[in-house]
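I have a structure I would like to understand better, so I am pasting it below and will then ask my questions one at a time.
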Amino acid sequence: MCECLSKFVMFGISLNKLMKRPRLCLLFFGSLISVYTSWAQSQKATEGKKVSNMDSIQQLQEVVVTATRSEHQLGALPMPVTVVSGKQIQKMGSLRLNDVLQEQTGLMPVTNHGNGIQIQGFDPDYTLILVDGEPLIGRTSGTLELSRVAVGNIKQIEIVKGPASSLYGSEALAGVINIITEKPEGLKGSLKGRYGTNETIDLTGDFSYKYRKLGVYAFVNRYHTGGYDFTPAEYGNTVDPFTNYTYNTKLTYDFSEKVKLSLSGRYFTESQTSASVISLEGASDTISGTGKVTDWNINPTLTVKFASRFKTNFRLYASRYHTSSLLSYEKDNSVYDETFFTQTFLRPEVIAEFSPAKKQTITFGGGGTSESVYATRYTSKKHFSTVYGLSQYEWLVNKDLTLIAGGRFDHHSLYGGQISPKLSGQYEILPWLAFRASLGTGFKAPDFRQVYLNFTNSTVGYSVFGIEEQKAGIDTYEALGQIARYLVDSTLLNQTGRLKAERSVAYNAGFKITPIPRVMGNINFFRNNIQNLINTRPLAEKTNGQYIYGYQNISRAVMQGIETDWTCQLNKHLSVSAGYQLLYAYDQDVLDQIAEGKIYIRDPKTLKTSRMKKSQYGGLLNRSRHSGNVKFFYEDSKTGISGSLRGIYRGKYGLTDTDGNGALNEGDEYVKGYMLWNIAMAKTFRKMLIVQAGIDNLFNFQNTAQITTIPGRIVYASLQFVLAKNQ
Amino acid sequence: MKNPIVASSLLLLVIFSLIFSSCNNDDDDPTPAAPLEATTFKDLNATSAKLYTFFSFSKGDTISRADSATNKWDIAFMSTKVIFNSGISGPGNAALSLQNGVFDEITVVSDTMTFKQDSQSGLALTKLSDKGWYNYNGETHIITPLPGKVLVIRTADGKYAKVEILSFYKGAPASPDATKTEETGFYTFRYIYQPDGTKTLE
């Protein structure tokens with residue numbers, strides 16, 4: 001009996017327990033049976049022959065750069081890394097980065113001022129998003145809108161879980177997602193058009209050319225969606241229509257074998273119209289307007305190989321992000337709200353890779369960052385600067401043991417120094433079984449908002465101040481006689497610049513397993529202890545009954561769990577994979593209060609109040625204890641048919657603390673678990689024409705009351721001409 | 001002991017003498033404290049947006065609005081607003097000490113409890129969500145009494161009571177429906193009133 005299948009069935013059953021819909025179960029088992037049949041057939045076909053471990057090995061040999069900042073084979077890395085190839089993205093029929101990421105194990109889509117992703121239970125604020133190693137900027141309330149990123153020019157996406165501040169500094173607390181874009185290669189180009197539900201039109205063109213020393217790559221994308229509306233009776237849409245354009249170019253020039261230059265640039269622009277109803281003291285008005293987002297970045301990189309064992313990367317990265325929005329009253333066109341936000345980022349960096357001996361590699365380097373923000377909600381243009389140095393030592397002790405030790409020092413203009421060490425190792429116990437573990441720290445420096453925000457909501461009347469602004473802000477209201485009472489003592493009110501960076505210590509340990517040919521899997525246990533989390537806190541009550549909020553280091557959290565992924569190459573054409581994550585995410589202060597008997601819970605039926613037990617605590621909001629996926633990928637180069645079927649499960653998660661007791665518990669509002677099925681099929685004609693059709697959310701799952709980001713079934717078809725190809 | 005009859009007689013004798021002596025002890029106490037029973041008052045109608053509904057602990061019921069300027073009431077409700085017969089709200093000497101705890105476990109008014117009255121600078125019990133007695137959910141619009149909040153109350157005439165608000169909806173349903181406005185604004189609460197003027201609340 002095939003071990004791969006039995007393992008898969010195990011996962012299937014555990015997944016199935018979580019699925020409530022009978023037809024989904026039927027489909028699931030139906031697919032299992034067909035998988036088994038095809039497996040059995042392929043077993044017969046290969047009987048007597050030596051089955052190679054080709055595909056698994058191929059996957060382990062994929063070269064990734066994010067985890068160590070130097071090129072490594074996936075299989076050699078002692079930390080959890082997921083790679084999603086461009087080919088796979090194509091077979092999924094995805095258009096935007098959030099579509100791709102939310103199908104990966106342990107990556108949960110969350111919405112807070114944009115579409116972000118949770119990793120190991122962390123909010124989107126704590127994951128660094130890189131394009132070719134350089135960070136995307138422009139977060140709103142901590143979330144970087146992932147739909148800003150088109151996927152048509154992606155070679156592969158590398159997802160490193162666990163803190164990577166030892167290499168990347170601030171923000172890399174939960175992990176790093178690095179998008180590796182295409183490089184100039186051969187002579188090829190393509191044009192693609194796609195149309196789908198909700199008037200979604202995607203047009204993509206790309207061109208790649210490499211001639212001797214010169215390489216050129218260009219990518220253009222236009223994406224438009226008509227949005228959708230869950231509440232047609234009410235004025236305004238759930239998602240308003242928007243259109244965006246992405247331009248990306250890359251020029252490479254090899255001066256010699258030893259000196260190579262690359263210059264890449266990206267420009268993105270989006271505009272969205274919106275209309276909604278606002279109600280103020282009984283009277284309601286309709287407002288409408290336009291919001292615009294533009295961002296660009298430019299990245300020249302010079303790679304110099306001074307000697308065969310000494311390579312240096314000189315990099316410069318500049319980026320600007322700008323948004324503006326104007327909302328007017330429809331009745332008289334007078335301005336309701338006008339805002340803008342401008343952020344800039346500049347970073348020179350030198351990273352060197354040196355091998356003092358055959359089995360040792362030292363990576364070291366340093367750089368500086370200069371950032372600024374100028375926006376409606378800030379009193380003036382604000383600056384941050386950071387200088388940093390990093391080093392990493394990698395040692396292949398023997399053929400079974402790899403050790404990597406590294407660290408980074410960041411000096412922030414306002415918050416002083418941060419040291420982020422990380423130690424990881426991998427030991428091959430048996431040829432098919434490797435143990436790996438890592439211990440690292442991560443940090444996130446206070447952002448502009450937490451330091452310099454100066455915002456008073458003119459309609460409701462509350463105020464939020466960054467730590468540098470809060471004293472002046474409170475003094476202003478005090479002088480106006482608008483402070484009713486203070487809620488914290490004066491030492492806290494007078495402090496400036498006392499926010500500490502948010503910090504975590506993370507432990508990751510697990511196994512990589514290739515038990516039988518064509519099957520590979522991994523299991524990873526993780527625990528993150530997070531301290532100094534920055535939250536808003538009411539500092540004073542105004543005479544209008546509203547509050548003045550400030551930012552303080554007030555919470556601690558624990559995120560722990562297990563993540564596991566399995567892939568099985570069933571035959572030449574068909575592969576199946578399954579993934580699962582178990583997550584326990586707790587507020588440490590709530591745990592302490594439960595232990596002290598200070599949190600109460602009322603039975604909604606008997607109305608009896610008692611002290612909450614730890615077992616009754618549901619953890620942090622928005623975290624699913626169980627999540628998983630099962631995916632089938634098919635490719636037949638002879639017939640030109642390829643496709644995929646993916647089932648993505650997200651278990652129930654807490655939405656609001658309905659009883660207001662400060663902790664999530666049964667009886668509070670939960671979002672029920674759900675499963676989404678996405679299918680896509682493509683056929684290539686004469687290597688020139690690719691026709692693709694697919695359905696996202698096959699069974700039209702909707703939860704309009706609680707989830708506004710799942711629009712229901714999306715049907716689409718696309719046509720792609722591959723203009724030329726160098727084979 | 002060999003004889004079971006003698007043995008059991010001796011045992012009975014011991015038991016009787018124990019009962020007898022304990023009865024004697026009881027007789028030494030001048031006032032045997034009968035344990036106070038908690039009372040649940042259901043569906044106090046506080047639906048009016050303009051007029052308070054007044055409640056007296058000694059009466060164990062609501063009283064007429066005509067008596068609002070007297071000492072006859074202790075606590076009054078109007079939608080989510082709760083006032084006490086004191087300061088700006090009435091002529092009495094009522095006051096509130098909002099405690100975190102389990103209703104049954106708060107058995108005495110301790111000296112560490114600080115009492116607040118309704119005054120110009122603010123009501124003894126704030127009407128704001130999460131700061132006073134309830135949580136307001138902005139999405140579902142449901143008002144939920146915060147578990148673990150016990151209102152230790154000095155009545156208008158200086159006696160003591162404790163109150164736990166259980167529901168804001170008619171019939172105290174397990175999952176209230178905020179869209180049924182006609183069933184919103186009905187207080188169900190559990191209370192113990194100590195009529196003898198002591199600080200014991202059990």
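Where a number appears in this text, it was derived from the coordinates with a stated rule and is not lab data. All values reported here derive from a predicted model rather than from experimental measurement. With ideal geometry, Cβ positions are generated from the backbone for all residues, glycine too; neighbour counts draw on all protein chains shown.
Excluding same-chain residues fewer than 8 positions from residue A:192, which aspartates and glutamates have a Cα within less than 13 Å of its Cα?
Cα-Cα hits under 13 Å: A:202, A:206.
Going through segment A:189-225, which trypsin sites (Lys or Arg not before Pro) have at most 12 other Cβ atoms within 10 Å and a DSSP loop state?
For trypsin sites (Lys or Arg not before Pro) across segment A:189-225 that sit outside H, G, I, E and B with at most 12 neighbouring Cβ atoms in 10 Å, the list reads A:212, A:213.
Go ahead and collect, in residue order, the members of segment A:234-248 whose backbone nitrogen is under 11 Å from a label point 7 Å along the Cα-Cβ direction of residue A:271.
Residues A:243-244 qualify, since their backbone N sits under 11 Å from the label point.
Okay, next question. Which of rounded, prolate, oblate describes chain A, given a ≥ b ≥ c as roots of the alpha-carbon gyration tensor eigenvalues and a/c under 1.5 marking rounded, otherwise prolate only if a/b is larger than b/c?
It is rounded, given that a/c, with a ≥ b ≥ c, falls under 1.5.
Within chain A, which DSSP H helices have Cα atoms that stretch 18 Å or more along the helix axis and a mean Kyte-Doolittle hydropathy of at least 0.5?
Once both thresholds are applied, what remains is A:3-18.
Continuing with this model, one more query. With θ set to phi - 60° and the Karplus curve 6.51 cos²θ - 1.76 cosθ + 1.60, what are the ³J(HN,Hα) couplings of segment A:171-188 in order, to the nearest whole Hz, using x for Gly and Pro?
Whole-Hz 3J(HN,Hα) from phi for segment A:171-188: 6, 8, 8, 8, x, 9, 10, 10, 9, 9, 8, 4, 10, x, 7, x, 9, 7.
Here is a follow-up. At residue A:71 and residue B:180, where each label point lies 7 Å from the Cα along Cα→Cβ, what is the point-to-point distance in nanometres?
A separation of 6.9 nm, rounded to one decimal place.
Counting pairs of alpha carbon atoms under 8 Å apart in space and at least six apart in sequence, what relative contact order in percent does segment B:46-123 give?
It rounds to 23 percent for segment B:46-123.
Apply 1/(1 + (r/R0)^6) to the Cβ-Cβ distance of residue A:199 and residue B:139, taking R0 = 30 Å, and write down the FRET efficiency to the nearest 0.05.
0.55
For B:118, A:332, what's the fewest-to-most ordering of other Cβ within 10 Å of each Cβ?
Neighbour counts put them in this order, fewest first: A:332, B:118.
R0 = 51 Å: FRET efficiency of residue A:715 with residue B:105, Cβ-based, nearest 0.05?
Calculated value: 0.30.
Give the relative contact order (percent, whole number) for segment B:33-194; include only Cα pairs under 8 Å separated by 6+ residues.
That works out to 26 percent.
Tell me, what is the percent relative contact order of chain A, built from C-alpha pairs under 8 Å that lie six or more residues apart?
Computed value for chain A: 10 percent relative contact order.
Apply the Karplus curve 6.51 cos²θ - 1.76 cosθ + 1.60, θ = phi - 60°, to the phi angles in segment A:643-651 and return the couplings in whole Hz, x for Gly and Pro.
For segment A:643-651, the Karplus curve yields x, 7, 9, 10, x, 10, 10, 10, x Hz.
In sequence order, what are the phi-derived ³J(HN,Hα) couplings for segment B:47-64 according to the Karplus relation 6.51 cos²θ - 1.76 cosθ + 1.60 with θ = phi - 60°, rounded to whole Hz, with x for glycine and proline?
Coupling constants for segment B:47-64: 7, 5, 8, 10, 10, 7, 10, 9, 10, 10, 6, 5, 7, x, 7, 6, 10, 5 Hz.
Could you calculate the contour length gain from residue A:700 to residue A:376, that is, 0.36 nm times the residue separation minus the distance between their Cα atoms, to one decimal place in nm?
112.6 nm
Now for a separate question. Stretched out fully, how many nm does the piece from residue B:130 to residue B:40 gain, at 0.36 nm a residue minus the Cα gap?
Working it through step by step, the gained length comes to 30.1 nm.
Between rounded, prolate and oblate, where does segment A:662-727 land on the alpha carbon gyration tensor, with a ≥ b ≥ c its root eigenvalues, rounded for a/c under 1.5, else prolate if a/b exceeds b/c?
In terms of gyration-tensor shape, prolate.
Still on this structure, I have one more. If you take each beta carbon of peptide A:599-612 and count the beta carbons of other chains within 10 angstrom, what is the mean?
6
Now, a different point. Could you list which residues have their amide H under 5 Å from that of residue A:66, counting only those 5 or more apart in sequence or on another chain, with H placed in the peptide plane?
Counting only residues 5 or more places away or on other chains, the set is empty.
How far apart, in nanometres, would the label points at residue A:279 and residue A:216 be if each is projected 7 angstrom from Cα along the Cα-to-Cβ direction?
Each label point is offset 7 Å from its Cα along the Cβ direction, giving 5.9 nm.
Going by C-beta contacts inside 10 Å, put A:471, B:159 in order with the fewest on the left.
Listed from fewest to most nearby Cβ atoms, that is A:471, B:159.
Let me ask something else about it. Which residues' amide hydrogens lie under 5 Å from the amide hydrogen of residue B:167, considering only partners 5 or more residues apart or on another chain, with H built in the peptide plane?
For residue B:167, whose amide H was placed from the backbone, the distant partners under 5 Å are B:188.
Quick one: net charge of residue A:522's neighbours, Cβ under 9 Å, K/R +1, D/E -1?
Cβ neighbours under 9 Å give a net charge of 0.
Scan around residue A:664 for amide H atoms under 5 Å from its own, H built in the peptide plane at 1.01 Å from N, and keep only partners 5 or more places away or cross-chain.
It is A:618, A:619, by chain and number.
Ignoring everything except DSSP H segments at least 4 long, calculate the 222 nm mean residue ellipticity for chain A; use -39,500 (n - 2.57) per segment, divide by total residues, nearest 500.
-3500 deg cm²/dmol
Mind checking the mean number of beta-carbon atoms from other chains within 10 Å of the Cβ atoms in B:137-148?
Across the residues of B:137-148, the mean count of other-chain Cβ atoms within 10 Å is 6.
What FRET efficiency do you get for residue A:332 and residue A:111 if R0 is 35 Å and r is their Cβ-Cβ distance, rounded to the nearest 0.05?
After rounding to 0.05, the efficiency reads 0.60.
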